[in-house]
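What follows is a set of notes on a single structure, which appears directly below.
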Amino acid sequence: MEIQLIKADEDDCETIHRMQRAAFEALLAKYQDYETSPAAETLAQVRARFASPQTDHYFIMLRSERVGCIRINNLPDDVCRLSSLFIMPDYRGKGYAQEAMRQVELLYPRAARWRLDTIKQETKLCYLYEKMGYRQTGAQTNVRDGMDIVDYAKQGARMEYKTRQYPLFSACGLNCGLCPRYYTAGVSRCPGCAGEGFSAVHPACGVLSCCRKNGLEHCCFCAQFPCKRYDGADQSDSFITHQNQLRDFEKAKRVGIAAYMAELDEKIRLLTALLHTYDDGRRKSLFCTAVNLLELADIRAVVERLANSVEDDAPPKEKAEAAVRLIGELAEVKGISLKLRKRVK
């Protein structure tokens with residue numbers, strides 16, 4: 001299932017506040033629980049939780065769409081509390097909540113026990129948590145007539161992913177070494193597929209779990225490939241283009257993984273040169289997409305033409321415009337769109 005958990009930060013408070021109000025407004029209207037409902041919380045309350053070092057917030061992402069959120073509290077004695085989980089109304093009933101719960105548990109491999117609570121009268125919610133292995137502890141609190149909060153708990157799985165030797169070509173066929181997040185500074189930087197520190201920013205992945213189970217580094221070498229997971233995989237993009245995802249797998253199988261990685265390393269070298277010399281702070285995504293989609297010889301030719309036609313001391317904006325112009329002209333000749341595509345609902 002193509003969902004991922006992306007850690008949120010303080011700059012996302014307003015977005016999370018807006019999303020949770022929309023997600024919980026129906027329950028608030030039903031129970032009128034203005035003192036406890038997330039739909040009635042103020043922005044200040046949301047900000048206060050971000051100030052706690054024991055609390056982590058994640059967006060539930062479907063490609064580039066934020067379809068929900070999940071909040072975890074780290075408690076003493078290796079206990080994690082799933083304090084909040086919601087899926088936006090348009091995306092419910094598709095299994096995203098279950099997958100988010102599976103992934104977030106992988107993010108906290110040392111958790112010996114998980115806790116949560118929910119409204120007893122919401123039988124679908126109770127069924128979901130019980131399906132995921134939670135059991136009622138017996139603790140129950142009456143909020144108002146017709147509304148009780150019940151406590152759930154389950155044992156932790158204590159699972160971890162092994163760091164991959166070459167994280168720049170992902171298990172699912174994406175060129176992580178050509179992704180904008182690989183070149184991002186700070187806590188949101190991604191080290192590539194199961195690279196060092198991967199779980200801190202891009203925690204769990206169903207593809208990695210499946211590959212680990214089958215003893216594989218890449219899905220394309222599985223006897224079941226392409227499975228349903230890849231239905232429409234190359235039809236929309238996330239932070240990185242997916243246009244060539246399946247084609248790159250085919251190429252890797254045809255030329256061999258070692259040869260494919262050698263070519264990818266050369267593309268990474270050329271992309272690094274573009275970013276270092278011709279990025280004025282606004283071209284990272286474009287350069288990453290172009291190097292991903294254009295052939296190696298074409299990218300090499302662009303970099304050589306730029307080196308021969310643009311003065312070293314030219315203003316950053318002038319250098320960037322020259323690079324964008326050459327890349328755009330080449331992409332047009334090749335019939336390649338360099339725009340990232342949103343998922344069609």
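The values are calculated or read from the model by the stated rules, or taken from the named source; none is laboratory data. These numbers were taken from a predicted model, which means no experiment stands behind them. Cβ placement follows ideal geometry from the backbone for every residue including glycine, while neighbour counts extend to all protein chains displayed.
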Taking the stretch 15-54 and the residues there that are of a type in the set (Gly, Ala, Ser) and outside any helix (DSSP H, G or I), the one that is surrounded by the most Cβ atoms within 10 Å (Cβ to Cβ) would be Ser37
The condition of being surrounded by fewer than 18 Cβ atoms within 10 Å (Cβ to Cβ), of a type in the set (Val, Ile, Thr), part of a helix (DSSP H, G or I) and touching a helix residue (DSSP H, G or I) at 6+ places or on another chain (Cβ under 7 Å) holds, among Thr272, Thr277, only for Thr277
Filtering the stretch 96-114 for residues that are crowded, with 19+ Cβ neighbours inside 10 Å, touching a strand residue (DSSP E or B) at 6+ places or on another chain (Cβ under 6 Å) and more than 14 Å from Phe86 (Cα to Cα) leaves a count of 4
Cys126 meets each of (1) assigned to a helix (DSSP H, G or I); (2) modelled with pLDDT of 95 or more; (3) hydrophobic (A, V, I, L, M, F, W, C); (4) not assigned by TED's automatic domain parsing to the domain that holds Lys7 with one exception, condition (4)
In the stretch 213-257, residues that are in a helix (DSSP H, G or I), charged (D, E, K, R) and surrounded by fewer than 17 Cβ atoms within 10 Å (Cβ to Cβ) total 8
Selection from the stretch 4-14 of residues surrounded by 15 or more Cβ atoms within 10 Å (Cβ to Cβ), in a helix (DSSP H, G or I) and in contact with a Leu (Cβ under 8 Å, 6 or more places away or on another chain) yields Cys13
- Look at Gly173 and say whether it is in a loop (DSSP other than H, G, I, E, B), of a type outside the set (D, E, K, R) and free of Cβ contacts under 8 Å to residues at least 24 places away in the same chain. no
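So that you can scan it fast, the table gives a plain yes or no per residue for (1) acidic (Asp, Glu); (2) out of contact with any strand residue (DSSP E or B) (no Cβ under 8 Å at 6 or more places or on another chain); (3) at pLDDT 95 or above:
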| site | (1), (2), (3) |
| --- | --- |
| Glu266 | yes, yes, yes |
| Leu271 | no, yes, yes |
| Thr277 | no, yes, yes |
| Arg341 | no, yes, no |
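Residues to consider are Pro167, Pro203; find the one that is at pLDDT 90 or above and either on the phi < 0 side of the Ramachandran plot or not assigned by TED's automatic domain parsing to the domain that holds Ser285 (or both).
Pro167
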When (1) surrounded by fewer than 20 Cβ atoms within 10 Å (Cβ to Cβ); (2) of a type in the set (Ser, Thr, Tyr); (3) within 16 Å of the chain's Cα centre (by Cα) are applied to Tyr182, the one that fails is (1)
The condition of being farther than 21 Å from Arg341 by Cβ, in contact (Cβ under 8 Å) with a residue 12 or more places away in the chain and assigned to a helix (DSSP H, G or I) holds, among Leu286, Leu306, only for Leu306
